[in-house]
Structures are given as C-alpha cells and as structure tokens.
Amino acid sequence: MLRTPQRAKSLAVLTSGGDAAGMNAAVRAVVRAGLAADLDVYTIYEGFQGLVDGGERIRQASSESVGGILHQGGTVLGTARCDRFRTPEGRRQAAKNLVLLGIDALVVIGGDGSLTGANLFREEWRGHLKALVADGEIEQDMAEAHRRLTLIGLVGSIDNDMFGTDMTIGADTALHRITEAIDAIHSTASSHKRAFVIEVMGRNCGYLALMSAIAAGANWVLIPENPPEEDNWEESMIDALEAGRSIGRRLNIVIVAEGAQDRNGNPITAQHVKQTLEDRLGEDTRVTSLGHVQRGGAPSAFDRYLSTVLGYAAVEQILTSPAAEPQLIGLKEHQIISSPLMECVEQTHAVADRIAERDYEAAMAMRGGSFGDSFRMIKTMVRAQPHPPDPGQRRLRLGILHAGGPAPGMNPAVRVAVRVGIDNGHTMFGIRNGFRGLEVGDIQEMDWMSVNGWASRGGAELGTSRHLPRNGHFADIAAQIEEHQLDGLLMIGGWAGYRAAHRMQAHADEYPALRIPVVCLPAAINNDLPGSEHAIGADTALNNIVSDVDKIKQSAVASGRCFVVEVMGRDCGYLALMSGLATGAERVYLPEEGISLKDLEADVSDLKSGFRHGKRLGLVITSEHADSVYNSGFIKALFERESEGLFSVRQSILGHIQQGGDPSPFDRIQTTRLASKSLDYLIEQALSDSPESAFIGLMHGKIRFTPLTEFPDMIEPEAHRPREQSWMALMPLAKVMAQPGLPKL
Ligand code: ADP
C-alpha cells in the first residue's frame, strides 16, 4: 500500500534547458520563500530527467541546502536533455513521482522548450492521475487531493529571447562576459591594426549582439531581426570601416549574432565577414567565437537580484492563485508581472516565424521600442563621420559638464551626446571640472573623434567636482555662457549637479544668460537622485561590491566568522540593500531606517543562535550613513564583545573601489539611451521660444523627463535622497532571503 502524503502544500523547483547564470539564485529564492510560507519544498536534480527518475533526484530542501550557491554560475541542480519527458509515458512517471510526495506545484526555470514541455505536463496532469489510479499505482484519494498542478515558469536563458519578461535570467551576465572579452580584445588589438569579428549567441534574437555592440563600442553589428538592407551589404560595411580607418581608428570590431542573415534569409557567418574584410579591406582579421564563455562565470549583481525577486514572486503566485492557468513571472518596465505562460511561448515563436518568413519589420516591431531605438542608435554611433549639417538649419552650441562624484558611465554618456549633437549639425563643447570650469571658462569644442574609445572607459575624462555655485558665482557663469554663446547644457552627474542646475535656474531673472535649457542626466553610484529608478554608475558599483564581498566570503576559510561590510551610499541605502540581496547578507542597515540598540541586540542574538546551530559564516552590510554612532566599527566591536566566543568579527570598508573600474554593460547601455534622448530634448528646448530645463530618468523602465523646478519637492528635506524610492519595497524580501538564525553556507 502506498502512503498518502500528510501535507498537500508542497512545491518543487527544477532547472532545465541551457544553463544560465542566476538560476541558483532563483532556486534559492523559491526554496526560502516556500519555507517562509510553511510549504514543504523539494528540489529536483537534472531537470525533467530527475522528475521522471524520481528517488534521490527529488530531495526535500532546507534553507541550508540552498546556502552558498547565490554566487555560483550555472545551476547546482543540474540540467539535462530528457527525451523520456517528451513521451506521455515519461510524463506519467513524472506525475507519479510528484503526487507520491504530495507535490502539486512546480516552478520550472528554463527556456521556451522547457516551459512548453512543462505546460504539456500540466495539461495532461489529470489524465495521468486517472491512469495511475486505474493502474493501481496511486490511490483515488491521493489523486483527488492533487487534482491540479500549479505551474509557474521563470525564464532562464542567456539570449534574452522570451516574451513576458524584459530580461531573462542569465542575459545580463552573458553581456558582462561578452563586454569583458571585447574590452580585452580592444586592449590587445589596438596595438596592431586589425579587425575582429566576434560571434555571440542568439539564434533568433539579436539582443546580445546589439547590446554588446553598444556597450563595447563596436563598429558594425549583424542581427537576425534586421538584416542589412542592401543586397551588397558587404560594400556598406567595408565603406564604413574604411572611413573609420581613414580618420585614425586603429581597430575594427564587427559583432555577428549566431543567427544573423541577409535579406534573402541566407546565413551571415563570422567566417564570411572575416573573408570579406580580408579580401576587400586587406586587413588582418581574426574571428573570436565566444561560445560557452557567455554562459559561464559568476552571475552579475542584476541577475542575482532578478532571479531572487522572480523566485520569490513565483512562490507568492502559487500561494495566491494555486492551480490557475500556468503563469510566466517576468520583469516588465521594472515591475514584476505574471502573464499566461503559453501566450509568452507563442509570441516568442512568432518572432522566429517572422524572421523565417523574412518579415523583418514585423520581427523588429515585436521586439519593442527600446530594441528599435538601440538599433538606430548604433547606426549613428558606428559612423566614422557625422552627417553634414543642413545649410539652412540653426547650429546650436551645446555644453556638456559633470558634477558630483565620479560615476562609471560618465564617459560613454559624453561620447554619445557629442556624437548625437554633431550628427544633428550642432557644435558641442566640453566643460572641464564641473561648474567650477563653467565659472572660469574652461570650455573646449569637442569633435567626433575626441570621444573615440570612451564607450568603455571608467572615470570622467572631462573631470567632475562637487563644487556648488553660490550667489556670487552666477555672474561668472552667465558671463561665460554669453562669451561662448552656449544655447544649452547637459549636466551628467549627481546631487551637486542637480542642485547647481536648479540654483542656476533660480538666478535666471537676475542674469538672463542663465535662461538656457539644462538637462540633468543621473550619474551617481549612490542612486540617490529623484526622477529616476536607476542612476548611471550604480550598477557598476553594485557589481564591484558584489565581487568584493564574494572574495571576502571566500577568504573565510576558517569557520565562525562574521563580516561587517560598509558600503557607500551617503544618505541612500540603495547600494546596501541591493548588495545585501545579491550577496546573501543576513542583515542590512540603511540610513532610511536607521539603527537602534534594540535592532543590534536582536541581530547579535540571531547571529549567536545561527552559529550555535552550525552557521559557519555571517555577513552584515551597512550603509556608510546608516547611523552616525552605530557605524561599522561600532557594530564590529559590539558583535565581537557579545559573540560569547561563537564567532569572530571582521570589519571591511570597501571605499573607493566601488566608484572605480569600467562601467558595467547595463550602465553603458542605459547611459547611451539616456544621453541620446537628453540631447534630443536639449536641442528641442534650445530651439523653442520658452525653453524648459528638466532631469531625465528611467521610471518603470521608461525614459521620462521631469521639470527641474520639481527638484526641491521630490527630495527629502534633511537628507540627500529622493522622497520616493521604489526599491525600499524589497526590504521584506531581503529579510525572508536572509532568514537570520538559520544555518547557511
Ligand atoms: P530550453 O528550455 O533551453 O529551450 P530545450 O528545448 O533543450 O531547452 O528543452 C529542455 C528539455 O525540455 C528537453 O530536453 C525536454 O525534456 C523538455 N522539452 C522541450 N520541449 C518539449 C516538448 N515539446 N514536450 C515535452 N518536453 C519538452
């Protein structure tokens, strides 16, 4: 007689298809959120194969069993191709294995193939149970108790090729690997005059190719959705590359997506591009096929965040609407959304169908607006020379400056702004060292090639400063604007820049020269600016923190150690919370919440109980201004004093490492979008009779402009941060994930 399971509230999670960085974080999130909701949670090893095999391959999970996997690439659960799952018999066996354990909710993390298979499995569930009862393999009441299978899909795929989510798990990490590789090629190849053809993944989706071309400043890109328009496209490519050479470009980089094709549907291979460059350009050309490098390595900060929130949301969905239609949980416009799974799969196939039918316009339209924008952008950026100005047009004189702390992504923003400005027939000026440079007239014209190579460069070539102009300075600024006849300003920077731009506007009645439009583009690692969910540089800083904390955790070869890591952020806890989520910290301290002695007492007692129950490593992240007295030094001393010898404590202040390094792909891509749109806006305003000033930002994943006059109302009166910070909603999730007191790692 088979045993009837005691509890019906159980769920299982598996990873399937091609592995993708971040899958582990998703598994961890599903398990911990499931446990927090008092469910029995099972992990299934080797994808659908494990589901069919059952036995040891379906294991009950604990919070501990998913400890220490957040930072690992690939999937610890394994994934396998499973032909038996393609057969009804295989799926029946899988149903039996699940129902015997009382599992009737399944989270599948995989690509469209896996999700299609899972959907079929769910559709057949009742039929399988009936047959199993008829064959005497399970009891009737067991079938009754688990009449439906709740199915949730999360997309693990590095190609970013699925509908229902703006980003798939693993795509951001793949972009990291690709840009790292291209940056490395840049540095070796610039010493010779060479061309490189780089093949990246993407059979039906040009996302990786297009975004890496933007991020790495490539000179040509070929994607499946939008083949070159001409039959003799090779000519246009050669012309463009030759023109680049003639103005001194040393290196040509062409990125080819795996599925690139011409207008007639013939594949364009990296080899063909290489041959063309060698034959027609006479250039030493190398092909680099990145292959599995793109899948590998530690997941990026974004992939850890994305997977964690998606895994958590998957469990919420199971709890709130069990057995409803299968859902795909994804991220759309910065919000977690749930959509009917099969509609997403069908839409995904529809793009591939349009490509196969050579209806490229429809394929591009289905990819969405920002994909199209990015494609148009790359067409401008790869030009060796700008379009000649229209003789009848008004040629504006536009200045660019930074202000605030340095943020990775400032240089790529300047590069785009300069090129978009010049390409539209205007004259661009670089103002050195922020508003101080504007006061003293440290202003120079920038030409097309002056920003060559800035696409990937960290730091700020124009220089930046936190100098805030005061009353007396505005006369100087007005005089310089008049002398250089500036028609508008693009300020790419942080808090000091926003403040300065706002003050400048307030002095416009006194000095009419100040009445020119100013656009502020958020670039600040702290992500503390109003009107934008993301400031440029914050993603790079997060990745810096995450990779350092990974190393710090690894350094703890001796068990029984707790690290107190202090991160930047000034009055904003964004870096602390997000890095806490991405590194598995058990506690984060934020300036928004402050720290009380009671908190510290509770935390130290949680830590002690954790270490008593086998915890080997502790991690606490504190934001630099979380509390002026209870700082990281204090916390370290307190924890050590109270540890009763159960653990030792190390303090680590990460410091300026967080601001350094080359910008992450996400920061490069966003900076490109924002700078291009800022310039369009600035030009429009400078040409209008009543120009407005604004700050640009990404809100719900979309670009928005907010009038600069609203700045004071959007910030906290006493602190450097916006009143509204949507990411604060992640705090409860961070607490569930950390589960203080439970043994981990
Ligand atoms: P991905 O999920 O990355 O698209 P695959 O297409 O290789 O990867 O699918 C992974 C596994 O999912 C397959 O080995 C198979 O077990 C299962 N699978 C895929 N398609 C189906 C299907 N149509 N019916 C049943 N199972 C399927």
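Throughout, read-outs are computed from the coordinates displayed, never taken from laboratory work. Predicted, not measured: the structure shown is a model, and the values here were computed from it. We place every Cβ from the backbone using ideal geometry, glycine too, and count neighbours over all the protein chains shown.
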Worksheet entry | In Hz, Karplus ³J(HN,Hα) per residue of the stretch 168-180 (6.51, -1.76, 1.60; θ = phi - 60°; x = Gly, Pro) | 9, 5, x, 5, 5, 5, 4, 4, 4, 4, 5, 5, 4
Practice prompt. For the chain, build the charge dipole from Cβ charges (+1 Lys, Arg; -1 Asp, Glu) around the Cα centre, then report which of M377, V99, T188 sits farthest towards its positive end.
Written response: V99
Discussion item. Explain nothing, just the number: dipole magnitude of the chain about its Cα centre with +1 on each Lys and Arg Cβ and -1 on each Asp and Glu Cβ, in debye rounded to the nearest 20.
Written reply: 1660 debye
Response to the item:
At the level of C-alpha centres, the distance separating the stretch 48-102 and the stretch 173-218, in angstrom, is 36 Å
Worksheet item: In the stretch 171-294, what % of DSSP beta bridges are antiparallel (nearest 5)?
Response: 5 percent
Item to complete: Please name whichever of L679, L607, L730 sits farthest to the positive end of the charge dipole of the chain, dipole taken about the Cα centre and charges placed at Cβ: Lys and Arg +1, Asp and Glu -1.
Response: L607
Discussion item. If I model a spin label at D509 and V440 as a point 7 Å from the Cα along the Cα→Cβ vector, what separation in nanometres do I get?
Written reply: 3.3 nm
Worksheet, complete the sentence: Reduced to Cα centres, the span from the stretch 249-328 to the stretch 574-615 in Å works out to 37 Å
Discussion item. Using only DSSP helix segments of four residues or longer, with each worth -39500 (n - 2.57), what per-residue ellipticity at 222 nm results for the chain after dividing by its residue count and rounding to 500?
Written reply: -13000 deg cm²/dmol
Discussion item. In whole Hz and in residue order, list the ³J(HN,Hα) couplings for the stretch 503-515 that follow from phi through the Karplus curve 6.51 cos²θ - 1.76 cosθ + 1.60, θ = phi - 60°; x for Gly and Pro.
Written reply: 5, 4, 4, 5, 9, 5, 5, 6, 10, x, 4, 6, 7
Fill in: Dipole moment magnitude, nearest 20 debye, the stretch 171-294 about Cα centre, only Lys, Arg, Asp, Glu C-beta charged
460 debye
Item to complete: Report the residues of the stretch 354-371 in range of a label on E325: point 7 Å along Cα→C-beta, backbone N strictly under 19 Å from it.
Response: none
Item to complete: Express in whole angstrom the spacing between the alpha-carbon centres of the stretch 482-560 and the stretch 628-669.
Response: 23 Å
Response to the item:
Given unit charges at Cβ for Lys, Arg (+) and Asp, Glu (-), the dipole magnitude of the stretch 616-675 about its Cα centre in debye, nearest 20, is 180 debye
Fill in: Calculated from backbone phi, Karplus (6.51, -1.76, 1.60) coupling profile of the stretch 520-535 in Hz, x at Gly/Pro
9, 10, x, 9, 6, 4, 6, 6, 10, 10, x, x, 8, 6, 10, 9
Response to the item:
With the charge dipole of the chain built from beta-carbon charges (+1 for Lys and Arg, -1 for Asp and Glu) about the Cα centre, the Cα from Q72, S338, I109 projecting farthest to the positive end belongs to Q72
Item to complete: Fewest Cβ neighbours within 10 Å first, please rank C520, C82 accordingly.
Response: C82, C520
Discussion item. With both bridge residues required to lie in the chain, what share of the DSSP beta bridges run antiparallel, to the nearest 5%?
Written reply: 25 percent
Fill in: Cleavage-rule hits (GluC sites (Glu not before Pro)) in the stretch 257-347: DSSP loop, at most 12 neighbouring Cβ within 10 angstrom
E333
Worksheet item: Where does each of 393-399, 64-70 land if you order them by average Cβ count within 10 Å, highest first?
Response: 64-70, 393-399
Worksheet item: If each of L646 and Q335 carries a label point 7 Å out from its Cα toward its Cβ, how far apart are those two points in nm?
Response: 4.3 nm
Response to the item:
Two pseudo-spin positions, 7 Å from Cα along C-beta at R81 and at E361, lie apart in nanometres by 3.9 nm
Worksheet entry | Sites matching trypsin sites (Lys or Arg not before Pro) across the stretch 142-196 that sit in DSSP coil, with at most 12 neighbouring C-beta atoms within 10 Å | R147
Practice prompt. Count neighbours as other Cβ atoms within 10 Å of each site's Cβ, and list the trypsin sites (Lys or Arg not before Pro) in the stretch 232-293 that are DSSP loop with at most 16 such neighbours.
Written response: R250, R263
Worksheet item: So how compact is the chain: Cα radius of gyration and Dmax in angstrom?
Response: 27.5, 93
Worksheet entry | Overall form of the stretch 171-294 per C-alpha gyration tensor (a/c, 1.5; a/b vs b/c) | oblate
Item to complete: Compare the peptides 367-377, 130-140 by average per-residue count of other Cβ atoms within 10 angstrom and give them in order, highest first.
Response: 367-377, 130-140
